[in-house]
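K.L.:
One structure coming up, written as structure tokens, with questions to follow.
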Amino acid sequence: MPHVKFLHTADVHLDWPFAGLGSGGDLKARLRREELKSIFAAIIDLAIREQVDLLLIAGDLFEHKYATRGTMQFLDEQFRRFGGPVFISPGNHDPYVAGSYYETYPWAPNVRIFGPEPERIDLDGLPVSVRGWGFPTWEVRECQLQRFPPPAAGGRVNLVVVHGGDAAYHPFDSDDLAALGADYIALGHIHKEGVLLERAGRVIARYSGSPDALSFGEPGEHGVVIGTVSPDETRLRWVPTGLRRYSTADVDVTGAVSLEDVAARLLRAFPSEERSVNCYRLTLTGAVDPSLTVDVAVLQERLAPEFYVLRLTDATAPEADLAALACERSARGLFVQRLLGMEAAEADAGRRRVIRRALAHGLAAFAQKGGAS
Ligand SMILES: [Mn+2]
């Protein structure tokens, strides 16, 4: 039975600008851009170690607007090092537009880049056909899958590599994907890994997700897919490749009397081996001593050696002020009064903490509206 082993990745976004990394952000952004390259090199190492037959890259490999020729040279070296066939379907961040590096760079002969006309490539040395298509513009609002050539006959394994999946960026649904008659469809665009289509318990289409998180919008683990596919069996393995995680959380600092107290709570909340590599966006909650000013700039500076990236927001409320606020004749006063009442009536300590957090978030929202009325 013919079969093929491949590595599926997407959304590497080489040369992503990495804005918003906090103080020292520019240096960190430059470092993160280098890290993305090292992750891509590690993916090639994995492909070589796993002896995969081919690479499927489902778009957004690089940032068209920021990518340098040096990055293309790096990519080309990696593709040459892999040596086997490499199939790329450009996406909305690296569209196949006139003057794109996809068009102008002298890529290694093992690299095949799909363009605006859907194509099927029947490989010579392997019983495999690969179909693909690349974004010709920044947005694509029509499904292109109906324009794809039919699958190859004759017992070949039929693969597809394509980018998209939402309204402005090449919309398609599971029926459109099923109609391709493929054994496996390697998808890119959604940065969270996940299966999009299964048939009789067999995965037909899935997103690999981005190999490393790019922002706080991408929590959790990131990786690539290694698959072995024949016309009647699919075995897929998702391999983590991410270097840094992004976490968004609340940290309750109720009862803190000093910034050192708050710092100690933050350090206790996350193991040092995690906070030294990951990126955190944390909201401080709870009622603190009325004499304490929660100066997040000072805290961030104090904790800079302890956290790789730390972005703090203060949503604490001074304990004593709450009673005064509850007497205020305003929407905010009424809000505080109601929540303090709920808290007093609640027997469960966990639920009391939830109410206290809701109170803190509500007060932060009132503060942002800029009015106490
Ligand atoms: Mn993307």
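The values are calculated or read from the model by the stated rules, or taken from the named source; none is laboratory data. For clarity, every value in this text was computed on a predicted model and none was experimentally measured. Glycine gets a Cβ as well: all are built from the backbone with ideal geometry, and neighbour counts include every protein chain shown. Accessible surface areas use protein heavy atoms only, side chains included; no ligands, DNA or RNA. Shrake-Rupley method; radii C 1.70, N 1.55, O 1.52, S 1.80 Å.
K.L.:
Mind listing whichever residues of segment 23-42 are more than 16 Å from the ligand (Cβ to nearest atom) and under 19 Å from S208 (Cβ atoms)?
P.N.:
The answer is E35, K37, S38, A41, A42.
K.L.:
Tell me, yes or no, whether segment 100-110 has at least one residue that is hydrophobic (A, V, I, L, M, F, W, C), in the same structural domain as S230 (by TED's automatic domain parsing) and within 23 Å of D45 (Cα to Cα).
P.N.:
Yes, the conditions are met somewhere in segment 100-110.
K.L.:
Ok, one more. Pick from segment 313-360 the residues that are without any contact (Cβ under 8 Å) to a residue 12 or more places away in the chain and among the charged types (D, E, K, R): which of them is most open to solvent (accessible area, probe 1.4 Å)?
P.N.:
R329
K.L.:
Further question on the same structure: Does segment 137-163 hold any residues that are under 24 Å from the mean Cα position of the chain (by Cα) and under 30 Å from G125 (Cβ atoms), and which are they?
P.N.:
Correct list: V160, V161, V162, H163.
K.L.:
Right, here's the next one. Of all residues in segment 286-312, which are in contact with a strand residue (DSSP E or B) (Cβ under 8 Å, 6 or more places away or on another chain) and either without any contact (Cβ under 8 Å) to a residue 24 or more places away in the chain or closer than 29 Å to A29 by Cβ (or both)?
P.N.:
V294, V296, L299, Q300, L303, A304, F307, Y308, V309, L310, R311, L312, listed by residue number.
K.L.:
Picking from V239, V253, which residue would you name as being away from the ligand (no atom under 16 Å from the Cβ) and modelled with pLDDT of 95 or more?
P.N.:
V239
K.L.:
Which pairs do you get when a residue that is away from the ligand (no atom under 11 Å from the Cβ) and among the hydroxyl-bearing types (S, T, Y), found in segment 6-22, comes within reach of a residue that is open to solvent by 10 Å² or more (accessible area, probe 1.4 Å) and in a loop (DSSP other than H, G, I, E, B), reach meaning Cβ atoms under 9 angstrom, with the pair 6+ apart or on two chains?
P.N.:
As it stands, the answer is T9/T241, since those pairs meet every condition given.
K.L.:
Next question. Count, please, the residues in segment 240-268 that happen to be on the phi < 0 side of the Ramachandran plot, of a type outside the set (D, E, K, R) and exposed (fewer than 15 other Cβ atoms within 10 Å of the Cβ).
P.N.:
The qualifying residues number 7.
Condition check ((1) closer than 16 Å to T9 by Cα; (2) in the same structural domain as T137 (by TED's automatic domain parsing); (3) away from the ligand (no atom under 16 Å from the Cβ)) across all residues:
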{"residue": "P171", "(1), (2), (3)": "no, yes, no"}
{"residue": "K192", "(1), (2), (3)": "yes, yes, no"}
{"residue": "I204", "(1), (2), (3)": "yes, yes, yes"}
{"residue": "D232", "(1), (2), (3)": "no, yes, yes"}
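K.L.:
Being open to solvent by less than 10 Å² (accessible area, probe 1.4 Å) and modelled with pLDDT under 95 is the filter; apply it to segment 22-59 and report the residue that is farthest from the chain's Cα centre (by Cα).
P.N.:
A29
K.L.:
I would also like to ask the following. Report, by residue number, each residue of segment 238-258 that is of a type in the set (G, A, S) and under 15 Å from the mean Cα position of the chain (by Cα).
P.N.:
Those that are of a type in the set (G, A, S) and under 15 Å from the mean Cα position of the chain (by Cα): G242, S247.
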